[in-house]
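Following: one structure in structure tokens, then a few remarks.
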């Protein structure tokens with residue numbers, strides 16, 4: 001039985017680092033390489049058996065995002081007072097939803113034919129889509145944003161049209177004939193119409 005990662009195994013010091021300063025960004029569908037360092041400070045030679053890791057959902061570690069590659073080692077022994085580095089290459093599925101996941105990496109080794117397992121990395125990684133600048137999600141969000149802006153523009157245009165109709169004054173419509181005094185209409189003064197109106201009034 002392999003002890004859990006919480007048990008202390010005397011004489012080992014385990015650390016992990018990735019090439020190019022371990023950026024914590026993993027491209028979906030492409031290989032990522034970690035370098036796992038192991039220092040044997042015990043009294044016996046240890047044999048590295050395997051390295052494996054899992055992706056978990058960050059809000060619940062009981063839910064797996066993906067079990068990653070198990071890399072087996074044969075005749076990988078680390079003598080007393082020696083440091084060794086083991087490469088571990090894994091690839092996240094290209095169909096995995098991009099986002100933040102918790103990566104837990106394990107190293108399995110034997111000391112005096114007793115198996116042990118320790119966690120060499122337990123932290124958050126960002127899974128991103130490999131490839132172009134635009135992802136399917138970003139194209140959808142951009143399209144949705146443009147559609148919402150278009151709907152808002154149509155609504156605003158309709159509101160402006162309604163306000164302009166309310167503020168326009170209705171043209172005066174003559175409802176019937178009325179008597180008007182020609183003297184009141186200055187623009188008719190001096191015309192034949194004004195002279196004719198005056199003569200009718202005198203009668």
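In the range 38-159, Rg over Rh equals 1.29, where Rg is the alpha-carbon radius of gyration and Rh the Kirkwood radius from pairwise Cα distances. Estimated at 0.36 nm per residue, the fully extended path between residue 146 and residue 73 surpasses their Cα-Cα distance by 20.9 nm. With the Cα gyration tensor of the range 47-113 giving a ≥ b ≥ c as the square roots of its eigenvalues, does the rule (a/c under 1.5 for rounded; else a/b larger than b/c for prolate; else oblate) give rounded, prolate or oblate? Verdict is prolate for the range 47-113. The simple spin-label model puts a point 7 Å past each Cα toward its Cβ; for residue 155 and residue 82 those points are separated by 7.1 nm. List the residues of the range 79-108 whose backbone N lies under 20 Å from a point placed 7 Å from the Cα of residue 25 along the Cα-to-Cβ direction. Once the point is set 7 Å along Cα→Cβ of residue 25, 90-103 turn out to lie under 20 Å by backbone N, inside the range 79-108. Using 0.36 nm per residue and subtracting the Cα-Cα separation, the extra length available between residue 189 and residue 110 on full extension is 16.2 nm.
None of the figures in this text is laboratory data; all of them are computed from the coordinates on show. Keep in mind it's a predicted model, so treat the numbers as computed, not measured. As a convention, Cβ positions derive from the backbone with ideal geometry for all residues, glycine included, and neighbour counts pool all protein chains shown.
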